[in-house]
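Before any comments, here is the structure.
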Amino acid sequence: MFKLRGHHLFCLLGYRGMGYSEEYVKNMTRLHQTLRNNPKTLIHIVKGPDQLCEKYPNSGQYHCQDENIYERDQAILEKIGLKVGEILNWEDVESCIRKFVVPSDIQIVCKTCSWRSFGVCEEGIQEIHEWKGLRKVT
């Protein structure tokens, strides 16, 4: 079971092997590929820092505790109809995304995200709608 906060549910959709540090990328890739290969893997929705935040580099401001990030978590959970404390499998998360999210939602709920300009999260949502699942990261 992985513990994930709200906005990381969208980050996983757009993940293409980039990140804040080598350690962060290794952790994100491991988690991402586990979900890709085993969509029945359980996810526990948590408030605040999660298993991806654990590897965020200690180089300056720790954005995982930033109020803006908490607001993004909540906005995304509301958008996909999930709540903190829920436990469900990854394929159910994908189902909620197909049901409640369109690619253009990224422009609204993730408007302050520095990764948004890459456009990969919209692509990830579109691929979920097309039943492709998470993209393989090489």
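The values are calculated or read from the model by the stated rules, or taken from the named source; none is laboratory data. What you see is a predicted model; the values in this text were computed from it and never measured. We place every Cβ from the backbone using ideal geometry, glycine too, and count neighbours over all the protein chains shown.
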Scanning the range 80-105 residue by residue, the ones that are of a type in the set (K, R) and closer than 13 Å to I125 by Cα total 2
For the range 80-138, what are the residues that are among the hydroxyl-bearing types (S, T, Y) and in contact (Cβ under 8 Å) with a residue 24 or more places away in the chain? T112, T138
Tally of residues being among the basic types (K, R) and part of a loop (DSSP other than H, G, I, E, B) across the range 1-45: 3
Name the residues in the range 94-138 that are of a type in the set (A, V, I, L, M) and either under 18 Å from T29 (Cβ atoms) or not in a helix (DSSP H, G or I) (or both), would you? V101, V102, V120, L134, V137
Of the numbered conditions (1) surrounded by 16 or more Cβ atoms within 10 Å (Cβ to Cβ); (2) not in a helix (DSSP H, G or I), G48 fails exactly one; give the number of that condition. (1)
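Would you call K55 under 14 Å from the mean Cα position of the chain (by Cα), under 25 Å from K111 (Cα atoms) and surrounded by fewer than 20 Cβ atoms within 10 Å (Cβ to Cβ)?
Values: under 14 Å from the mean Cα position of the chain (by Cα): no; under 25 Å from K111 (Cα atoms): yes; surrounded by fewer than 20 Cβ atoms within 10 Å (Cβ to Cβ): yes.
The answer is no for K55.
If you check L12 against the conditions, is it surrounded by 13 or more Cβ atoms within 10 Å (Cβ to Cβ), in contact with a strand residue (DSSP E or B) (Cβ under 9 Å, 6 or more places away or on another chain), under 23 Å from K136 (Cα atoms) and not acidic (D, E)? Before the answer, list the steps.
Numbers: surrounded by 13 or more Cβ atoms within 10 Å (Cβ to Cβ): yes; in contact with a strand residue (DSSP E or B) (Cβ under 9 Å, 6 or more places away or on another chain): yes; under 23 Å from K136 (Cα atoms): yes; not acidic (D, E): yes.
So L12 passes the test.
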Name the single residue, out of those in the range 15-34 being in contact (Cβ under 8 Å) with a residue 12 or more places away in the chain and crowded, with 20+ Cβ neighbours inside 10 Å, that is nearest to V102 (Cα to Cα). Y15
Any chance the range 63-81 includes a residue that's more than 16 Å from G6 (Cβ to Cβ) and either modelled with pLDDT of 95 or more or part of a loop (DSSP other than H, G, I, E, B) (or both)? no
Hey, does the range 30-47 have a residue that's at pLDDT below 95 and of a type outside the set (K, R)? no
Those residues of the range 88-128 which are over 15 Å from the mean Cα position of the chain (by Cα) and under 20 Å from K40 (Cβ atoms) amount to K99
As an exercise: evaluate N37 against (1) farther than 18 Å from R116 by Cα; (2) exposed (fewer than 14 other Cβ atoms within 10 Å of the Cβ); (3) without any contact (Cβ under 8 Å) to a residue 40 or more places away in the chain; (4) touching a helix residue (DSSP H, G or I) at 6+ places or on another chain (Cβ under 9 Å) and give the number of the one condition it does not meet. (4)
Among the residues of the range 82-93, count how many are closer than 24 Å to C64 by Cα and in a helix (DSSP H, G or I). 2
